[in-house]
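I have placed the structure first, in the form of structure tokens, so that the comments after it can refer back to it.
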Amino acid sequence: MIDAAVIRDRFRDRGFIVDEAFATALQLALALEKPLLIEGPAGVGKTESAKVLSDVLDTRLIRLQCYEGLDSLSALYEWNYPRQMLHARLTEADGSTLEQREAQIFSEKFLLKRPLLEAITQEQRPVLLVDEVDRADEAFEAFLLEVLGEWQVTIPELGTIRAQHRPAVILTSNRTRELSDALRRRCLFLWLPYPSLEREIEILHARVPGLSGRLAQQIAQLMQLLRGLPLQKAPGVAESLDWALALMSLHRDHLDAATVEQTIGCVLKVHEDRAVLDAHRQQMMPIVADSPGRVELGGYGLDTDFGIGSVTTPRR
Amino acid sequence: MYPFGSIPENLAAFCAFLRREHRFTIDVRQLRDAARALDVVTVTDERAVRDALRPVLASTFRDASAFDTAFVQFFFPGPAGAPQVALPRPHRDVGGPTDAEKELKSEPGERARDHERPEIPTPGALSSLETAAQTDTSAPPATALGRYSPIDAEAQSRPELTPVDRAWRDAARVLVRRVHLGLARRWRPAPSGQRFDLRRTLRASLHTVGEPLVVRWLRRRKQSPRFVVIVDGSRSMADAAATALDMTVAIASVSMHVEAFTFSTGLQRITEQVRLAAAGQPLRLGRMRYAWGGGTAIGPCLREFLRRFGDRLLGRETTVIIASDGLDVGDVIVLRDAIREIRRRSAAVIWLNPLLDTAGYEPTASGMTIARPYITTFASVCDPPALARLARTMRPGVSP
């Protein structure tokens, strides 16, 4: 059994900083063989944690990306019908009986395994990532519940396939809709919030080697500030890392107002959010190194909102 | 061991405490997993125990937020740093260890069935969303100043929800049918359709020795609309709010996808109560606090709605209906930002203003002026025929 402290250390070795609560949740998920449902704002490392876990366990990561309209066949298995047809045509004259031909056609050779079936037929216990499960339909959620509960799949032509090793399952959700209580009860639950200032600095140093201490401090402080503003899309850790990498590539060792203005696109991804930052510029000024008066953040003002009624903006 | 004798006793009592005091929904499977989790970690380490129990017993964000406080309340009820041995042991019935012991010893399947049995909601019962709404710290503080404020007055009246008659239901049905949201993205098998289904056709041909005699098709179903009805319960809407609630009940009686809220200077979710009324059970709403009978803070309340419910309720299938006279006392910029965001994230915004029926009324109040560019349909509904008229103004085949 892998200990929480060991998980922390191994994650840290791979540049992923986890706290005690996260490490304990992962430890329990592995020990109790229960799926771990991770919820939290976008960009805090939910998906990445599954990737790192597979690396830590030195096993395969199988990913099921959920989306609206995902059906059970796309997640489980499909028969390779064109290949079956071809085989049926080619063996028409080989003298085999109908039963023999049917047995050949409906064998594993012609089975296309999708992520869920793939996960339960692995020789070594894999990590199954069911990403953004909140985007899938409720019908698919019910189907998922059945698979996660039984760990077996019945294929009418082949019979029941049971999991040789229960995969370590991580489900992620951005809370675009509420998941059912039934699914929640079958999972361990972890809320992954934005990191604290100290932890974000730690993450920046771990993921962006060579980043100056001053720059890491400034980025983390600005991120804390931005997450406190009424933004439509608050920046996550992914944006912090992107920003740090962008600043590194620009050979900056600290942030000033002009640099923030040039590179803020790495962080704020919604047009209106720039106006919000502009309105709170005074709070930003103590963080950046020098503040040469007013900095125009560019872009369109809120008054020229041409998008309403004519342009569809994607859902958050 | 504090507060009870053994680990199973403490664990079961803690679960009972979480259910009773913090409205956790913990079933016997979770209780068993919690016991297994304590086998995995060092039980003498308080932090490890807390970190182990949290992911097992908390299953929502709300639960996870309340868990640490509940843990301290239960296991460390004394002043900070006080040793547990010095604390008085609670009376056995507070944690219910006797019941808890039964729970641990009882048949798992039986208990699980008990828990999976849906609870019959009562008028006083609060869903988690509603509890969150009522315990939210953003509600105006009940200070002495607040009590005497003409704006922040706490509701004294309790609005009534009554089942609606057939005329209301028929009008609501027309509305629901007229709101077309187009087709879902998912292609589903159908006897006839727009897209040829090669996979299923080939699959079916295996039964006819490879000859594709039966053609299979795919089609996209129509999307079901969802309605979010937000009723202004402020004093200025005193006469019209009851009609708006009737309309809400009427819509809920013909559609399952309805969420209802009231607001005055605070927001409150009343979906469960509306559903009960739609099912034929008349009831009087519970304590409405700042969501009824006070001043009007439309902007802050809509912003609050966006913050707490926006992600879950808004989408391209959602039609938002706001019933308000638009006489706002709040910051109009807040209202503008909120209504624009609601419009951006929903299919349509219908604003029902009872003052529109008043002769000579012009929507020149600052709240209405700032909100109008983001309103899809601006109308008044004072009775069932008016609702039917509103529905008929919507062109079939497109969103309103």
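Residue-by-condition table, conditions (1) modelled with pLDDT under 90; (2) within 14 Å of another protein chain (Cβ to nearest Cβ):
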| residue | (1), (2) |
| --- | --- |
| B:Ile7 | yes, no |
| B:Pro55 | no, yes |
| B:Thr60 | yes, yes |
| B:Gly78 | yes, no |
| B:Pro88 | yes, no |
| B:Gly95 | yes, no |
| B:Leu104 | yes, no |
| B:Glu107 | yes, no |
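Among the numbered conditions (1) in contact with a helix residue (DSSP H, G or I) (Cβ under 7 Å, 6 or more places away or on another chain); (2) polar (S, T, N, Q); (3) surrounded by fewer than 16 Cβ atoms within 10 Å (Cβ to Cβ); (4) away from chain B (no Cβ under 14 Å), the only one that A:Ser180 does not meet is (4). Within the range A:176-213, the set of residues being in contact with a Lys or Arg (Cβ under 7 Å, 6 or more places away or on another chain) and assigned to a loop (DSSP other than H, G, I, E, B) comprises A:Thr176, A:Arg177, A:Glu178, A:Cys187, A:Leu192, A:Tyr194. Among the residues in the range A:33-44, are any touching a residue at least 40 places away in the same chain (Cβ under 8 Å), in a loop (DSSP other than H, G, I, E, B) and more than 14 Å from chain B (Cβ to nearest Cβ)? So far as the range A:33-44 goes, yes, one or more of its residues are touching a residue at least 40 places away in the same chain (Cβ under 8 Å), in a loop (DSSP other than H, G, I, E, B) and more than 14 Å from chain B (Cβ to nearest Cβ). Do we find that B:Asp311 is within 23 Å of B:Ser224 (Cβ to Cβ), in a helix (DSSP H, G or I), at pLDDT below 90 and within 14 Å of another protein chain (Cβ to nearest Cβ) in this structure? Here the answer is yes, as B:Asp311 does meet what is asked. Scanning the range A:8-20 for residues that are surrounded by 20 or more Cβ atoms within 10 Å (Cβ to Cβ) and within 12 Å of chain B (Cβ to nearest Cβ) gives A:Arg8, A:Val18. When each of B:Ala252, B:Ala242, B:Ala238, B:Ala260 is tested for being over 23 Å from the mean Cα position of the chain (by Cα) and either buried (at least 23 other Cβ atoms within 10 Å of the Cβ) or at pLDDT below 90 (or both), the lone residue that passes is B:Ala238. If you go through the range B:173-208 and keep only what is at the interface with chain A (Cβ under 10 Å from one of its Cβ atoms) and either closer than 30 Å to B:Ser253 by Cβ or in contact (Cβ under 8 Å) with a residue 40 or more places away in the chain (or both), you end up with B:Ala184, B:Arg185, B:Arg186, B:Arg188.
Against the definition (in contact with a strand residue (DSSP E or B) (Cβ under 6 Å, 6 or more places away or on another chain) and more than 30 Å from B:Pro282 (Cα to Cα)), how does B:Arg221 come out, yes or no?
Values: in contact with a strand residue (DSSP E or B) (Cβ under 6 Å, 6 or more places away or on another chain): yes; more than 30 Å from B:Pro282 (Cα to Cα): yes.
In short, yes.
For the range A:69-76, does any single residue satisfy the condition of being touching a residue at least 24 places away in the same chain (Cβ under 8 Å), surrounded by fewer than 20 Cβ atoms within 10 Å (Cβ to Cβ) and on the phi > 0 side of the Ramachandran plot? So far as the range A:69-76 goes, yes, one or more of its residues are touching a residue at least 24 places away in the same chain (Cβ under 8 Å), surrounded by fewer than 20 Cβ atoms within 10 Å (Cβ to Cβ) and on the phi > 0 side of the Ramachandran plot.
Scanning the range B:200-234 for residues that are crowded, with 16+ Cβ neighbours inside 10 Å and under 30 Å from B:Glu272 (Cα atoms) returns B:Gln223, B:Pro225, B:Arg226, B:Phe227, B:Val228, B:Val229, B:Ile230, B:Val231, B:Asp232, B:Gly233, B:Ser234. For the range B:333-381, filtered to residues that are at pLDDT 85 or above, under 21 Å from B:Pro300 (Cβ atoms) and assigned to a loop (DSSP other than H, G, I, E, B), the residue that is farthest from the other protein chains (Cβ to nearest Cβ) is B:Asn353.
State yes or no: is A:Leu64 assigned to a strand (DSSP E or B) and touching a Cys at 6+ places or on another chain (Cβ under 9 Å)?
no
Number of residues in the range A:133-147 that are within 29 Å of B:Arg307 (Cα to Cα) and either among the acidic types (Asp, Glu) or at the interface with another protein chain (Cβ under 9 Å from one of its Cβ atoms) (or both): the value is 4.
Among the residues of the range B:162-203, those that are polar (S, T, N, Q) and out of contact with any Asp or Glu (no Cβ under 9 Å at 6 or more places or on another chain) comprise B:Ser192, B:Gln194, B:Thr201. Of all residues assigned to the range A:111-131, none qualifies as being without any contact (Cβ under 8 Å) to a residue 12 or more places away in the chain and aliphatic (A, V, I, L, M). If the condition is being of a type in the set (Lys, Arg) and assigned to a loop (DSSP other than H, G, I, E, B), then the range A:225-269 contributes A:Lys233, A:Arg252, A:Lys269. For the range A:148-167, taking the residues that are within 25 Å of A:Glu138 (Cβ to Cβ) and of a type in the set (Gly, Ala, Ser), the one that is nearest to the other protein chains (Cβ to nearest Cβ) is identified as A:Gly149. Among the residues of the range B:31-53, those that are under 18 Å from A:Leu30 (Cβ atoms), facing another protein chain (nearest Cβ under 9 Å) and of a type outside the set (Asp, Glu) comprise B:Arg36, B:Ala37, B:Val40, B:Val41, B:Ala48, B:Ala52. Inspection of the range A:236-253 finds a residue satisfying the criterion of being in contact with a helix residue (DSSP H, G or I) (Cβ under 8 Å, 6 or more places away or on another chain) and hydroxyl-bearing (Ser, Thr, Tyr).
For the range A:239-248, indicate whether the set of residues that are at pLDDT below 85 and either more than 20 Å from B:Arg303 (Cβ to Cβ) or under 28 Å from the mean Cα position of the chain (by Cα) (or both) is non-empty. Break it down stepwise before answering.
Of the range A:239-248, the ones at pLDDT below 85 are none.
No - not one qualifying residue is present in the range A:239-248.
Condition (residue is under 30 Å from B:Phe309 (Cβ atoms), buried (at least 18 other Cβ atoms within 10 Å of the Cβ) and out of contact with any Phe, Trp or Tyr (no Cβ under 8 Å at 6 or more places or on another chain)) applied to the range B:35-50: is it met by at least one residue? Checking the range B:35-50: not a single residue is under 30 Å from B:Phe309 (Cβ atoms), buried (at least 18 other Cβ atoms within 10 Å of the Cβ) and out of contact with any Phe, Trp or Tyr (no Cβ under 8 Å at 6 or more places or on another chain).
Only one entry in A:Ser49, A:Ser54 is in a helix (DSSP H, G or I) and within 14 Å of chain B (Cβ to nearest Cβ), namely A:Ser49. Only one of the numbered conditions (1) within 18 Å of A:Ala142 (Cα to Cα); (2) away from every other protein chain (no Cβ under 14 Å) is not met by A:Ser74, and that is (2).
Residues being outside any loop (DSSP other than H, G, I, E, B), more than 14 Å from every other protein chain (Cβ to nearest Cβ) and among the aliphatic types (A, V, I, L, M) are represented in the range A:99-116 by at least one member.
Can you work out which of the residues in the range A:184-209 that are within 9 Å of another protein chain (Cβ to nearest Cβ) and touching a strand residue (DSSP E or B) at 6+ places or on another chain (Cβ under 8 Å) is nearest to A:Ala220 (Cα to Cα)? Before you say what the answer is, go through the steps one by one.
The initial filter retains those residues of the range A:184-209 that are within 9 Å of another protein chain (Cβ to nearest Cβ), namely A:184-191.
Next, only the ones that are touching a strand residue (DSSP E or B) at 6+ places or on another chain (Cβ under 8 Å) stay: A:184, A:187-191.
Values: A:Arg184: 33, A:Cys187: 32, A:Leu188: 30, A:Phe189: 27, A:Leu190: 23, A:Trp191: 21 Å.
Taking the candidates together, the pick is A:Trp191.
Within the set B:Asp33, B:Asp27, B:Asp51, the sole residue that is acidic (Asp, Glu), within 18 Å of A:Lys34 (Cβ to Cβ) and in contact (Cβ under 8 Å) with a residue 60 or more places away in the chain turns out to be B:Asp27. When only residues in the range B:314-332 that are touching a residue at least 60 places away in the same chain (Cβ under 8 Å) and assigned to a loop (DSSP other than H, G, I, E, B) count, which is nearest to the chain's Cα centre (by Cα)? Ranking the candidates gives B:Leu314 first.
The values are calculated or read from the model by the stated rules, or taken from the named source; none is laboratory data. Keep in mind that what you see is a predicted model, and the values were worked out from it rather than measured. So basically every Cβ, Gly included, is an ideal-geometry build from the backbone, and we count neighbours across all protein chains shown.
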